[in-house]
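**Q** Right, I'll just put the structure down here and ask away after.
Throughout, read-outs are computed from the coordinates displayed, never taken from laboratory work. Since this is a predicted model, take the numbers as computed values, not measurements. Neighbour counts run over all protein chains shown; Cβ positions are idealised from the backbone, glycine included.
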Amino acid sequence: MTEEEKKAKKPAAKKATAEKAEKAESKPAAKKVAAPKREKKTDTGIAKQGKLVADLRLYDVIQRPLITEKSTAAAEHNKVVFQISADATKVDVKKAVEALFGVKVLKVNTLVVKGKTKRFKGRPGQRSDVRKAVVTLVQGHSIDLAAGLR
């Protein structure tokens, strides 16, 4: 190639790059928009009387209601009996009952029923210990255990 041909190609190359730059400027630049970060889901889907119960530990504190002759008789005096977890405190039980059932608690009494020694298939065994809570409700409040949690 001669020097004249080289000189002729250089301006053509400069023109081509200038044209590309002009086209890029004229087009609206496609900005990368980061997708909005997903928020952590705090809705547990557990609702009671229109309110969401955020603390799921409350469901571990109260294991089940105890329905016996004695607890049914205590219901006449605004008392409800629950089986609770072994490590739950009276304060935990009070918070759980108030949050889950939407009632006011006056006081909580707890007790441990020691498991009996029984025979299982002819061999001696031990039933598990059970921890109970007798919850006294404020006058005018009540819990319908037949309806259950929703």
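**Q** If the only charges are +1 at each Lys and Arg Cβ and -1 at each Asp and Glu Cβ, what is the size of the charge dipole of region 54-137 around the Cα centre, to the nearest 20 debye?
**A** Value, rounded to 20: 580 debye.
**Q** Ok, one more. Set the Förster distance to 22 Å, then compute FRET efficiency between K70 and R119 from the Cβ-Cβ distance, nearest 0.05.
**A** Details: r = 26 Å, r/R0 = 1.18.
Given R0 = 22 Å and the Cβ-Cβ separation, E is 0.25.
**Q** Among the listed pairs K70/K94; K70/K121; K70/K116, which have their C-alpha atoms separated by more than 25 angstrom in this model? Don't skip to the answer; put the middle values down first.
**A** Values: K70/K94 21 Å; K70/K121 30 Å; K70/K116 19 Å.
Check vs 25 Å cut-off fails for K70/K121.
**Q** Need one number: nm distance between label points at D129 and K107, each 7 Å from Cα along Cα→Cβ, rounded to one decimal.
**A** 2.4 nm
**Q** Something else: In whole Hz and in residue order, list the ³J(HN,Hα) couplings for region 139-146 that follow from phi through the Karplus curve 6.51 cos²θ - 1.76 cosθ + 1.60, θ = phi - 60°; x for Gly and Pro.
**A** 3, x, 9, 8, 10, 8, 6, 5
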